There are 2 protein chains.
Amino acid sequence: MSSTPRGRWGWGFENELIDEDGLRDRKAFLESVLDFPERPVLEPTPIAEATIPEPEIEAPDHLDSFCTSNRAVRARRTYGMAPPENIRAFHGDFSPAPDVVAQPRTETDVEDVLEWATDRRVAVTPVTGGTGVAGGTSPPAGENRADYAGTVALDLRNLNDVLEVDEQSRTALIEGGTMGPDINDQLEAHGLHLRHYPQSYELSGLGGWIATRSGGHYATRYTHIDELVESVRMICPAGAFETQRLPAHGAGPDANRLVCGSEGSLGVITRAWMQVEPRPRYRSEAAVYFDGVLKAAAAIRRIVQAKLYPANCRLHDRVETTMYGLEDVDRDMVVLGFESTDGPTEGAIERALEICEEAGGDCPDGPDHHGEGYGCSRSPDSDVVRWGRAFQMGGAGNAAIPLCVVRGTVETAVTWDRFPAFHEAMLAAFDEVLEPECGMGHVSTRFSHVYPDGPAVYYTFQAPGDADPDRRIEQWRRIKRAGLDTVMEYDLTPTHHHAVGRNHREWYAEQIPENYGESLRAVKGVLDPAGVMNPGVLVDAPEEE
Amino acid sequence: MSSTPRGRWGWGFENELIDEDGLRDRKAFLESVLDFPERPVLEPTPIAEATIPEPEIEAPDHLDSFCTSNRAVRARRTYGMAPPENIRAFHGDFSPAPDVVAQPRTETDVEDVLEWATDRRVAVTPVTGGTGVAGGTSPPAGENRADYAGTVALDLRNLNDVLEVDEQSRTALIEGGTMGPDINDQLEAHGLHLRHYPQSYELSGLGGWIATRSGGHYATRYTHIDELVESVRMICPAGAFETQRLPAHGAGPDANRLVCGSEGSLGVITRAWMQVEPRPRYRSEAAVYFDGVLKAAAAIRRIVQAKLYPANCRLHDRVETTMYGLEDVDRDMVVLGFESTDGPTEGAIERALEICEEAGGDCPDGPDHHGEGYGCSRSPDSDVVRWGRAFQMGGAGNAAIPLCVVRGTVETAVTWDRFPAFHEAMLAAFDEVLEPECGMGHVSTRFSHVYPDGPAVYYTFQAPGDADPDRRIEQWRRIKRAGLDTVMEYDLTPTHHHAVGRNHREWYAEQIPENYGESLRAVKGVLDPAGVMNPGVLVDAPEEE
């Protein structure tokens, strides 16, 4: 694991946060290409001057060896990566900082923390990488905090081993705190990989992925991490919740699926048997251009309904390619990729390109094929590097905060029949809010994953924000709300793969069947009877009787 | 829907139960080929002479128009298709018969039944086709029944329409009581099909499939019905539980997965949006022979790990092929099938056959390919007809009862690394019990579905049973127990796709994480607060406080 600390207010490690040259370039780009008004360049508040409240409680002696109340450590475990969190961190506001940061070395340590937290009514926030963008990895604040004697961030970084590998079944037992690259470095000796590359791959880890139902690089078939979980162990205040190693079963509602998406509100995911596989030996890729998102969507629909199972099948509309610096692209781009551990992928991509052509797509460069030799470089996947770092987060994301850009996303999934009307409504909703809030702004559209019955659609907004952080957070909230309210008008979900956390909870409460919310609360009452696990996230503890 | 009544003690409709000639042939086969001692030929007890207790309660007036206490109707809704149930029905013992059979015409009728049942503490057993083999579609008996004022079988047969079809998203809204053939007859007008063909296809329906996590004909990828559920509505005593139409989401633990496998213990599944698709236009099939189950398993493992996604990939060992009349086959048979709506399947099956050959398999007839023209006959799938009727249930199954054969199955799923030892242990366990219980007997092995990390294995036992029905049921129980106890020694599941019901519940209680059992009970407390839904199945209602 890298010993360089993470960037406090932006993506990547501290030494990778955007530099002066990067900021100047991005400022020029925003003002010239995206027509933003002149952007100020703000300075981050140094950590020494930041607001970090004194801890209200301390870890007891028996937990002392793996707990700390160090100011800087507490600051680093205060926030995830949601825009308001980045803004507050940049401006030195760490007011919800945890009182204690626990870094358990064993599952017994985890149990000990939960026992103490339950006894003393301390709120526990499990954190793996802390890259969540839904406000789910922060200690409770405000009213929520008042219910607790204190807060502890339970940082899983020391549970970072691949414990066992079953080469025959292609599965591996991996600890919850293991970060993406550390997982695959350890699996490499077995010629195996966990083929799950969320954009946060290098900075996030297994426990967080499972807790948030993370979406990986597979655009079809293995989209959410759920599909790769063979069994899982979650330590709850009421005890361990462990499922069996089984390829599948039909014995009652699937217990794994209760753990996937539990967002730290039921327990701490300490380990899981995951499906792994060799690196792909064959790969084919192509970029196809369309005149309009609806035409591109029609092609994508046919590809996925033909069960060609592309590993990659993303749509980036022309606003998006421009936003990320591909100004020369004036059409809507579909990136297709097929991969196989077993045999050539030419046939599949050629069939997909035929479908694209019939739907009006243009693939000027033709497909690119990689054979046997592929996959020997250190990077697990060149696309990952391109998407995960340079393409989005490292650049545009980190520049947004110092350049006062209001930047956020709204994501959902929608059946094909409703997509055209929904898409129009979303663009209209953003249009309507951007001008009054920020004077102008842009919204781009992406399909991150696709299913036979519809796409996961992803809208990214960028607008010139106010220099005042509170006002800027309010702008972000209002724009995001305009999108999410439209999502609800179409009876859709507030999140396809970014979790509910606190930021989507209001809309989640509308989404879930009423009886299901009560069911989950009842489950929380069983697994976390004192209601100390990640309060405010997903569902509340049941009312006391 | 056919108006011919179902066979009371055997598979199929009343007019399809095995006839005198069939019985004579099967008797000769058992005695000559399978070396059984001479079999008696028992006569079923006529319904007029059967034990059917008088009802203890009657439906109230406001439910009267769709409820009945008719003796024959109650008899027909007493049992599912578990061997002890068939034996009791054959010998005229319908002692757990429901007091009332309700056949609701609308969801409001369903709500009214549940309201009455909750008020009056009447146990409700939801039934779709009543083909379950785990004892889950029968009213409670014995101690369980004493807790209730009466019992009602809630028969969904009148909720049998395809209500809406979304051709673009390839999904359809289907009522819970719609039987397999009725689903596809109604979808035919749209050129679509629900490609889920359990062996019970012609006699079972959507609500039961979802409630039991039914396994379909797809051997890989879309194995359980869970994979095809887009959204679902379950009427619970506490109200409707309805999920949204979404291709996917990441908002908390998936609510659909709580409904899948709920086995009528939480509510009644009245409708679901299901993923459907056109008939396959291309298909390739082959039978490959191996010298030994382990060699065949090695080939299957490689095929599924190569992600070739065969629609059919079954292993039948040489005992099984013999049992079903293919006495000339003296090796272990793998049946492979590929299908596609989009393009030729030759390439995929040829690659699979290459893998088989490398693993020592022999495909004397080579693959058989079907192109464009395939799929126009009335039968949805010739394999279905072969497997679902003649191949197993209609023949051997229905002959077992009158010929005093003890016949049953034990099924599980196991990772590849443990399969060889587990398989040996299972065969040894059956060997050890068959001789003392029945003097002799046979056990055959099948893979019904396969996953990258292991197969769903399925053992079928047949042995000469006692003419006394109680003694024969006890023989069945002891042989099944020997298998299930071995399953538990290997920390596996008592069911891959036949549900828990009452017959697997003892082992299910060992399988599930303790905390999960309590969680499900808490959920039952929310959705079914009076504990009237399918008592004795899956989990108990929470203890009253």
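The values are calculated or read from the model by the stated rules, or taken from the named source; none is laboratory data. Quantities reported herein were computed from a predicted structural model and do not represent experimental measurements. So basically every Cβ, Gly included, is an ideal-geometry build from the backbone, and we count neighbours across all protein chains shown. Ligands, DNA and RNA are stripped out before the accessible areas are found, and what is left, the full protein with its side chains, is counted by its heavy atoms. Shrake-Rupley method; radii C 1.70, N 1.55, O 1.52, S 1.80 Å.
Numbers below:
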{"read-out": "The stretch B:158-275 - percent of accessible surface contributed by carbon and sulfur, probe 1.4 Å", "value": "38 percent"}
{"read-out": "1.4 Å probe, heavy atoms, protein only - residues of the stretch A:255-291 losing at least 50 Å² accessible area vs chain alone", "value": "A:Arg257"}
{"read-out": "Averaged over A:234-247, number of beta-carbon atoms from partner chains that fall within 10 Å", "value": "6"}
{"read-out": "Rough spin-label spacing in nm, given labels placed 7 Å along Cα→Cβ, for A:Asp485 and A:Glu164", "value": "5.3 nm"}
{"read-out": "Formal net charge of residues neighbouring B:His316 (Cβ-Cβ distance under 10 Å; K, R +1; D, E -1)", "value": "0"}
{"read-out": "Whether the protein assembly as shown is rounded, prolate or oblate, judged on the alpha carbon gyration tensor where a/c under 1.5 counts as rounded", "value": "prolate"}
{"read-out": "Rounded D (µm²/s) - the stretch A:404-509, Kirkwood Rh over Cα pairs, Stokes-Einstein at 25 °C, 0.890 mPa s", "value": "176 µm²/s"}
{"read-out": "Efficiency of FRET between A:Ala421 and A:Asp328 - r from beta-carbon atoms, R0 35 angstrom, step 0.05", "value": "0.65"}
{"read-out": "Relative contact order of the stretch B:282-374, pairs being alpha-carbon contacts under 8 Å that are 6 or more residues apart, as %", "value": "49 percent"}
{"read-out": "Protein accessible surface hidden between B and A, which excludes ligands and nucleic acids, total in Å², probe 1.4 Å", "value": "6600 Å²"}
{"read-out": "Amide H within-cut-off set for A:Gly150, under 5 Å, with H built and near neighbours excluded", "value": "A:Ala123"}
{"read-out": "Surface accessible to a 1.4 Å probe, per residue, for the residues of the protein assembly as shown, Å²", "value": "34 Å²"}
{"read-out": "Cα-based shape type of chain A, given that a ≥ b ≥ c are square roots of the gyration tensor eigenvalues and the cut on a/c is 1.5", "value": "oblate"}
{"read-out": "Mean residue ellipticity (222 nm) of the protein assembly as shown, computed from DSSP H runs ≥ 4 via -39,500 (n - 2.57), nearest 500", "value": "-9000 deg cm²/dmol"}
{"read-out": "As computed over the stretch A:282-374, the Cα convex hull volume per residue (Å³)", "value": "91 Å³"}
{"read-out": "Shielding by partners, peptide A:307-315 (average Cβ within 10 angstrom, other chains)", "value": "2"}
{"read-out": "Charge dipole (debye, nearest 20) of the stretch B:283-346; +1 at Cβ of Lys and Arg, -1 at Cβ of Asp and Glu", "value": "360 debye"}
{"read-out": "Quotient of C-alpha Rg and 2.2 N^0.38 Å, computed over the stretch B:14-149", "value": "1.29"}
{"read-out": "log₁₀ of I(q)/I(0) at q = 0.17, 0.20 Å⁻¹ - the stretch B:462-535, Debye sum with one point per alpha carbon", "value": "-0.80, -0.95"}
{"read-out": "Label spacing, shortest first and in nm, from B:Pro5 to its equivalents in the remaining copies (7 angstrom along Cα→Cβ)", "value": "8.0"}
{"read-out": "Positive-end residue, the stretch B:388-545 charge dipole about Cα centroid, Cβ charges, pick of B:Met440, B:Ala428, B:Pro542", "value": "B:Met440"}
{"read-out": "Gyration tensor (alpha-carbon) shape descriptor, the stretch A:162-275, a/c threshold 1.5", "value": "rounded"}
{"read-out": "Nearest-first distances (nm) between copies at B:Glu143, label 7 Å from Cα via Cβ", "value": "4.7"}
{"read-out": "Per-copy distances of the A:Glu49 label point, shortest first, in nm (7 angstrom along Cα→Cβ)", "value": "10.0"}
{"read-out": "Accessible-area composition of the stretch A:453-545, carbon plus sulfur, in percent [1.4 Å probe]", "value": "41 percent"}
